[in-house]
Amino acid sequence: MSAYFLNFFPMNADISQADADYFERNDDFLGPFRKVDLHCHTTMSDGKKTVAELVADAVEKRLEFVAVTDHDIVNREAKILLERFGVASCESVEISARDYGRKHSLHLTFYAREINARTDAVLRGIREARTGKIAAQCELLASHGFAICLADLVIFAHRYRMSTDSISNGHIAAFVMLDPANRRLASAIAGREIANRADFIQSFLKEFSPFRNVGFAKVPDYEPTVVLVSELARDNRAVVSVAHPNFTFEKFGEIAEFESRMGEYAELGISAVEINPFADAAWLASVRTTADRVGMMLTFGSDSHGEIDERHRGLGGLHEIAITDPRLVQDSMDRLLSAISGRNASDRRNALKYGLPA
Ligand SMILES: [Zn+2]
Ligand SMILES: [Zn+2]
């Protein structure tokens with residue numbers, strides 16, 4: 001029962017069950033939800049905030065619905081703690097899928113009431129394989145003079161409260177940038193100052209990086225295909241959203257490529273696309289019209305990693321349209337939560353509000 005409810009009604013008031021249900025909105029995804037964040041990270045993957053810190057942030061900002069989407073791991077602790085403090089949530093994860101047609105990673109955020117054991121097993125396999133790749137990248141970097149090895153990386157991650165399970169390029173970049181000698185070497189190789197972790201990742205650790213010969217290890221594909229993620233989505237009655245398309249597609253033909261791929265993704269069962277806070281006017285227009293055209297829902301997420309930079313806002317820091325058009329967020333949340341719960345959120349809300357059978 002919300003504090004608002006208790007303050008508004010005297011304790012001895014005659015309250016119908018329908019009223020009580022209406023105000024107990026977190027119980028059944030009733031909403032309406034307007035202050036939301038469906039994309040954020042904690043130290044369970046590459047975020048900087050612990051679960052407790054993220055939950056405190058969500059409560060302080062009075063967010064109504066938060067889905068924590070750590071990379072390739074379902075953060076159930078976050079969901080349980082959010083709900084305990086009155087913030088609605090669902091089970092969720094950001095999966096790095098492999099889009100074989102274009103041979104690059106497609107980040108998909110995945111939302112369900114409950115995510116099943118088969119999906120957990122697939123995610124565990126991804127994390128194990130990625131640890132192998134990170135070990136290979138450490139060896140490659142070491143062969144070019146960097147002071148780094150997997151054991152040091154694990155100790156470092158532990159010391160800085162980063163995940164030791166979902167080890168990623170983010171860990172390598174953090175390790176390199178904290179060591180002045182490693183940072184100097186990176187800048188010397190690049191012939192310019194390597195400014196931050198994101199810069200190091202983009203310059204050295206990716207398949208398309210200019211200095212990939214120094215830090216990118218080619219290993220057999222281990223990321224799930226879009227087809228497999230779609231199959232898992234059906235299995236879990238999940239909504240899957242194409243995360244930050246404005247970043248994913250920036251190196252691959254931008255908007256035109258995005259628009260040409262989305263019909264195919266929709267056919268595969270990808271059911272949503274994200275409005276990223278940094279989508280400019282052209283991207284925003286494209287995401288909205290493309291979603292309409294292919295019948296996808298919209299999701300809103302900050303991709304908060306606990307620190308603010310040119311690609312990440314703080315928790316709840318959505319695109320401006322979420323502030324100017326909160327109804328768009330509300331309708332999108334109603335659609336998403338109706339899809340994962342199998343019940344129409346807005347019908348049910350109205351039924352309970354007006355005392356009709358739900
Ligand atoms: Zn992502
Ligand atoms: Zn993310």
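The values are calculated or read from the model by the stated rules, or taken from the named source; none is laboratory data. Please read all numbers here as calculations on a predicted model, not as lab measurements. Every residue, glycine as well, gets a Cβ built from its backbone with ideal geometry; the counts of neighbours run over all protein chains shown.
Looking at segment 167-185, which of the residues that are without any contact (Cβ under 8 Å) to a residue 24 or more places away in the chain and within 22 Å of Arg130 (Cβ to Cβ) is surrounded by the most Cβ atoms within 10 Å (Cβ to Cβ)?
First, pick out the residues of segment 167-185 that are without any contact (Cβ under 8 Å) to a residue 24 or more places away in the chain: 174, 177-178, 180, 183-184.
Among the residues that remain, those that are also within 22 Å of Arg130 (Cβ to Cβ) are: 174, 177-178.
Numbers: Ala174: 21, Met177: 18, Leu178: 12.
Within segment 167-185, the match that is surrounded by the most Cβ atoms within 10 Å (Cβ to Cβ) is Ala174.
Working only within segment 276-324, note down all residues that are touching a residue at least 12 places away in the same chain (Cβ under 8 Å), within 16 Å of ligand 2 (Cβ to nearest atom) and surrounded by fewer than 20 Cβ atoms within 10 Å (Cβ to Cβ).
Phe278, Gly306, Glu307, Asp309, Glu310, Arg311, Gly314, Gly317
Could you tell me whether any residue of segment 25-37 is in contact with a Gly (Cβ under 6 Å, 6 or more places away or on another chain), more than 26 Å from Phe156 (Cβ to Cβ) and at pLDDT 95 or above? Before the answer, list the steps.
Of all residues in segment 25-37, those in contact with a Gly (Cβ under 6 Å, 6 or more places away or on another chain) come to 37.
This time we only want the ones that are more than 26 Å from Phe156 (Cβ to Cβ), so: 37.
If we keep only those that are at pLDDT 95 or above as well, we get 37.
Within segment 25-37, one or more residues are in contact with a Gly (Cβ under 6 Å, 6 or more places away or on another chain), more than 26 Å from Phe156 (Cβ to Cβ) and at pLDDT 95 or above.
Among the candidates Ile167, Ile194, which residue alone is aliphatic (A, V, I, L, M), at pLDDT 95 or above, out of contact with any Gly (no Cβ under 8 Å at 6 or more places or on another chain) and not in a helix (DSSP H, G or I)?
Values: Ile167 fails: at pLDDT 95 or above.
Exactly one of Ile167, Ile194 is aliphatic (A, V, I, L, M), at pLDDT 95 or above, out of contact with any Gly (no Cβ under 8 Å at 6 or more places or on another chain) and not in a helix (DSSP H, G or I), namely Ile194.
Here's a check for you: in segment 109-157, which residue that is in a helix (DSSP H, G or I) and within 16 Å of ligand 1 (Cβ to nearest atom) is farthest from Val36 (Cα to Cα)? Before the answer, list the steps.
Here is the first cut: in segment 109-157, the ones in a helix (DSSP H, G or I) are 117-143, 150-157.
Checking which are within 16 Å of ligand 1 (Cβ to nearest atom) leaves us with 123, 126-127, 130.
Numbers: Leu123: 25, Ile126: 28, Arg127: 28, Arg130: 31 Å.
Checking each candidate, the answer is Arg130.
In this structure, does Leu150 turn out to be surrounded by 14 or more Cβ atoms within 10 Å (Cβ to Cβ), away from ligand 2 (no atom under 15 Å from the Cβ) and free of Cβ contacts under 8 Å to residues at least 24 places away in the same chain?
Working: surrounded by 14 or more Cβ atoms within 10 Å (Cβ to Cβ): yes; away from ligand 2 (no atom under 15 Å from the Cβ): yes; free of Cβ contacts under 8 Å to residues at least 24 places away in the same chain: yes.
Yes, satisfied.
Of all residues in segment 228-261 being away from ligand 1 (no atom under 16 Å from the Cβ), of a type in the set (A, V, I, L, M, F, W, C) and at pLDDT below 95, which is surrounded by the fewest Cβ atoms within 10 Å (Cβ to Cβ)? Before you say what the answer is, go through the steps one by one.
Filtering segment 228-261 down to residues away from ligand 1 (no atom under 16 Å from the Cβ) leaves 228, 230-239, 253-257, 259-261.
Okay, now just the ones that are also of a type in the set (A, V, I, L, M, F, W, C), so 228, 232-233, 238-239, 255-256.
Now drop any that are not at pLDDT below 95, which leaves 255-256.
Working: Ile255: 17, Ala256: 11.
Of everything passing the filter in segment 228-261, Ala256 is surrounded by the fewest Cβ atoms within 10 Å (Cβ to Cβ).
For (1) over 25 Å from Lys133 (Cβ atoms); (2) of a type in the set (Phe, Trp, Tyr); (3) not in a helix (DSSP H, G or I), each residue gets a yes or a no:
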{"site": "Phe204", "(1), (2), (3)": "no, yes, no"}
{"site": "Pro210", "(1), (2), (3)": "no, no, yes"}
{"site": "Glu231", "(1), (2), (3)": "no, no, no"}
{"site": "Glu259", "(1), (2), (3)": "yes, no, no"}
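Against the definition (in a loop (DSSP other than H, G, I, E, B), modelled with pLDDT under 95 and small (Gly, Ala, Ser)), how does Gly355 come out, yes or no?
On the way: in a loop (DSSP other than H, G, I, E, B): yes; modelled with pLDDT under 95: yes; small (Gly, Ala, Ser): yes.
Answer is yes for this residue.
Would you point out the residue of segment 186-223, among those that are β-branched (Val, Ile, Thr) and over 16 Å from Gly145 (Cα atoms), that is surrounded by the most Cβ atoms within 10 Å (Cβ to Cβ)? Before the answer, list the steps.
Step one: of segment 186-223, the residues β-branched (Val, Ile, Thr) are 189, 194, 201, 214, 219.
When the remaining residues are screened for being over 16 Å from Gly145 (Cα atoms), the result is 194, 201, 219.
Numbers: Ile194: 24, Ile201: 19, Val219: 14.
Within segment 186-223, the match that is surrounded by the most Cβ atoms within 10 Å (Cβ to Cβ) is Ile194.
Name the residues in segment 167-212 that are under 18 Å from Ser105 (Cα atoms) and of a type in the set (Val, Ile, Thr), would you?
Once the filter is applied, which keeps residues that are under 18 Å from Ser105 (Cα atoms) and of a type in the set (Val, Ile, Thr), segment 167-212 yields Ile167, Ile201.
Please go through segment 57-78 and give me each residue that is surrounded by 21 or more Cβ atoms within 10 Å (Cβ to Cβ) and assigned to a helix (DSSP H, G or I), ordered by number.
Ala58, Ala78
Limited to segment 212-227, what total is found for residues that are within 20 Å of the chain's Cα centre (by Cα) and part of a loop (DSSP other than H, G, I, E, B)? Please lay out each step first, then the result.
Step one: filter segment 212-227 for residues within 20 Å of the chain's Cα centre (by Cα), giving 222-227.
Cutting the leftovers down to part of a loop (DSSP other than H, G, I, E, B) gives us 222-224.
Residues flagged as within 20 Å of the chain's Cα centre (by Cα) and part of a loop (DSSP other than H, G, I, E, B) within segment 212-227 amount to 3.
How many residues are within 16 Å of ligand 1 (Cβ to nearest atom) and either assigned to a helix (DSSP H, G or I) or crowded, with 22+ Cβ neighbours inside 10 Å (or both) if we restrict to segment 38-54? Break it down stepwise before answering.
Here is the first cut: in segment 38-54, the residues within 16 Å of ligand 1 (Cβ to nearest atom) are 38-42, 44-48.
Subset that is either assigned to a helix (DSSP H, G or I) or crowded, with 22+ Cβ neighbours inside 10 Å (or both): 38-42, 44-47.
Matching residues across segment 38-54 total 9.
Within segment 250-275, restricting attention to residues that are out of contact with any strand residue (DSSP E or B) (no Cβ under 9 Å at 6 or more places or on another chain) and more than 20 Å from Ala233 (Cα to Cα), which residue is nearest to ligand 2 (Cβ to nearest atom)?
Ranking the qualifying residues of segment 250-275, first place goes to Glu250.
When you scan segment 92-108, do you find a residue that is hydroxyl-bearing (Ser, Thr, Tyr), away from ligand 1 (no atom under 16 Å from the Cβ) and buried (at least 20 other Cβ atoms within 10 Å of the Cβ), even just one? Before the answer, list the steps.
From segment 92-108, those hydroxyl-bearing (Ser, Thr, Tyr) are 92, 96, 100, 105; that's our starting set.
Now restrict to residues that are away from ligand 1 (no atom under 16 Å from the Cβ): 100.
If we keep only those that are buried (at least 20 other Cβ atoms within 10 Å of the Cβ) as well, we get none.
No - not one qualifying residue is present in segment 92-108.
Please specify each residue of segment 114-143 satisfying the condition of being in contact with a strand residue (DSSP E or B) (Cβ under 7 Å, 6 or more places away or on another chain) and away from ligand 2 (no atom under 16 Å from the Cβ). I'd like the intermediate steps shown before the answer.
Within segment 114-143, the subset in contact with a strand residue (DSSP E or B) (Cβ under 7 Å, 6 or more places away or on another chain) is 114-115, 123.
The answer is Glu114, Ile115.
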